[in-house]
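Accompanying notes for the structure given below.
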Amino acid sequence: MTETRNTNRPGRIHEITAVSNPRVKSVRSLFQKKHRDQSETFLVEGLKLVMDAIAHDWHVETLIYSKGGEVRHPVEELAAKIRVLGGDILEVNNKVLSSITRKDNPQSVLGVVRQKWSKPPAAVKDPKTVWIGLDRIRDPGNLGTIIRTADSAGADGIILIGDTTDPFSVEATRATMGSIFNVPLVRMTNEAFLGWRKTWQGLVVGTHLKGAVDFRAIDYAAQPVFLLMGNEQQGMPDDLSAACDKLALIPMHGAADSLNLAIATGVFLFHMGKRLPNVGTDQARGPQT
């Protein structure tokens with residue numbers, strides 16, 4: 001992953017009180033995908049997400065925070081660090097924050113972060129490797145939850161195939177709980193993915209109802225695994241299912257005939273267990289909400 005970071009000068013501090021300020025309008029525009037695409041940036045809400053971005057070496061172009069916020073000391077430390085790295089600081093009031101987020105009680109800290117996209121993996125040989133492919137995922141909450149789950153399960157990255165919802169939307173990044181900064185993301189057209197798939201030297205498992213086997217009957221241990229998940233409503237198209245070595249399903253009980261996409265992805269990943277820490281290690285943590 002690459003990024004451009006301004007190290008020629010420290011960032012500047014601007015005190016803004018007017019909702020009509022051009023910089024406020026620019027930040028607000030990042031709720032729209034076309035502006036995120038044009039600027040190659042995105043907006044994150046909350047002190048934790050901005051701190052996570054810095055911790056994982058993502059470039060925060062602008063920090064926006066309320067001068068009347070409750071957590072002054074950590075915010076001021078963060079602002080100083082961002083300034084050294086070339087990011088600007090906008091000190092605003094709650095009225096300006098509310099105008100940006102369209103919320104009556106907004107987060108007191110926002111960050112404008114430079115996007116990062118990765119390249120697809122090449123010549124993968126480690127049998128513990130797990131990558132995930134998501135076909136035309138529509139729901140940003142699903143996508144964000146899958147990114148968070150992939151991070152928790154130690155997956156190596158995610159390829160977004162076709163017309164997938166934007167992982168850098170506010171809804172998606174919020175659902176990742178910071179994992180957006182720790183999981184490599186690749187975007188590919190359907191055709192480009194099918195071409196790349198021929199280079200994958202491992203097992204490709206796709207979720208499917210027709211011709212599928214119980215997901216627990218597949219041996220995931222001996223080679224790298226690429227897990228391919230279909231669209232929420234339509235499932236996986238024929239050309240992608242034909243590119244799989246195995247088609248798998250999760251047996252259902254009761255009246256339910258399917259699982260939420262994010263939950264199904266988690267069931268697969270944690271069943272594989274390729275990179276999960278051993279019970280009792282410092283890394284083994286329980287569920288968090």
Only one of K67, K34, K48 is surrounded by fewer than 20 Cβ atoms within 10 Å (Cβ to Cβ), without any contact (Cβ under 8 Å) to a residue 24 or more places away in the chain and among the charged types (D, E, K, R), namely K34
*Right, V92: β-branched (V, I, T), at pLDDT 90 or above, out of contact with any strand residue (DSSP E or B) (no Cβ under 6 Å at 6 or more places or on another chain) and more than 28 Å from D151 (Cα to Cα) or not?*
no
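I'd like to check something: does the range 13-22 contain any residue that is at pLDDT 90 or above and assigned to a helix (DSSP H, G or I)?
The first filter runs over the range 13-22 and keeps only residues at pLDDT 90 or above, leaving 13-22.
Next, only the ones that are assigned to a helix (DSSP H, G or I) stay: 22.
Yes, the conditions are met somewhere in the range 13-22.
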From the option list S39, S26, single residue qualifying as over 21 Å from the mean Cα position of the chain (by Cα), within 23 Å of A79 (Cβ to Cβ) and at pLDDT 95 or above is S26
Restricting the range 145-159 to residues that are buried (at least 24 other Cβ atoms within 10 Å of the Cβ) and small (G, A, S), the one farthest from V225 (Cα to Cα) turns out to be A150
Per the filter on the range 77-91, residues acidic (D, E) and over 13 Å from R23 (Cβ atoms) are E77
Could you tell me whether K125 is among the basic types (K, R), at pLDDT 95 or above and not in a helix (DSSP H, G or I)?
no
Qualifying residue in the range 141-155 (condition: of a type in the set (V, I, T) and not assigned by TED's automatic domain parsing to the domain that holds Q233) | no
Within the range 141-170, residues being farther than 23 Å from E45 by Cα and among the small types (G, A, S) number 5
Here the residues within the range 181-192 that are in contact with a strand residue (DSSP E or B) (Cβ under 8 Å, 6 or more places away or on another chain) and over 17 Å from K119 (Cβ atoms) are N190
Within the range 160-173, residues being out of contact with any Phe, Trp or Tyr (no Cβ under 7 Å at 6 or more places or on another chain) and either under 20 Å from G230 (Cα atoms) or modelled with pLDDT under 95 (or both) number 8
Flagged pairs (Cβ under 6 angstrom, 6 or more apart or on separate chains; first in the range 149-162, at positive phi; second part of a helix (DSSP H, G or I)) are G162/N190
Those residues of the range 221-262 which are free of Cβ contacts under 8 Å to residues at least 12 places away in the same chain, more than 27 Å from A192 (Cα to Cα) and of a type outside the set (D, E) amount to M252, H253, G254, A255, A256, S258, L259
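The rows are residues; the columns are (1) touching a residue at least 40 places away in the same chain (Cβ under 8 Å); (2) within 19 Å of the chain's Cα centre (by Cα).
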site	(1), (2)
E171	no, yes
T176	no, yes
V183	no, yes
T189	no, yes
K198	no, no
G202	yes, no
L209	yes, no
*asked:* Can you confirm whether R72 is out of contact with any helix residue (DSSP H, G or I) (no Cβ under 7 Å at 6 or more places or on another chain) and within 22 Å of F168 (Cβ to Cβ)?
replied: no
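Please determine, by comparing only the residues of the range 97-122 that are outside any loop (DSSP other than H, G, I, E, B) and in contact with a strand residue (DSSP E or B) (Cβ under 6 Å, 6 or more places away or on another chain), which one is surrounded by the fewest Cβ atoms within 10 Å (Cβ to Cβ).
Filtering the range 97-122 down to residues outside any loop (DSSP other than H, G, I, E, B) leaves 97-101, 109-114.
Those still in the list that are in contact with a strand residue (DSSP E or B) (Cβ under 6 Å, 6 or more places away or on another chain) too: 97, 109-114.
On the way: L97: 26, V109: 24, L110: 26, G111: 28, V112: 23, V113: 27, R114: 17.
If we take residues in the range 97-122 being outside any loop (DSSP other than H, G, I, E, B) and in contact with a strand residue (DSSP E or B) (Cβ under 6 Å, 6 or more places away or on another chain), then R114 is surrounded by the fewest Cβ atoms within 10 Å (Cβ to Cβ).
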Q. Do we find a residue being farther than 20 Å from I159 by Cβ and at pLDDT below 85 anywhere in the range 260-268?
A. no
If we keep only residues of the range 70-88 that are within 25 Å of the chain's Cα centre (by Cα) and not in a helix (DSSP H, G or I), then the residue surrounded by the most Cβ atoms within 10 Å (Cβ to Cβ) is G87
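The values are calculated or read from the model by the stated rules, or taken from the named source; none is laboratory data. Being a predicted model, the structure only gives us computed values, none of them experimental. Positions of Cβ are generated from backbone atoms using ideal geometry, with glycine treated the same way; all protein chains shown enter the neighbour counts.
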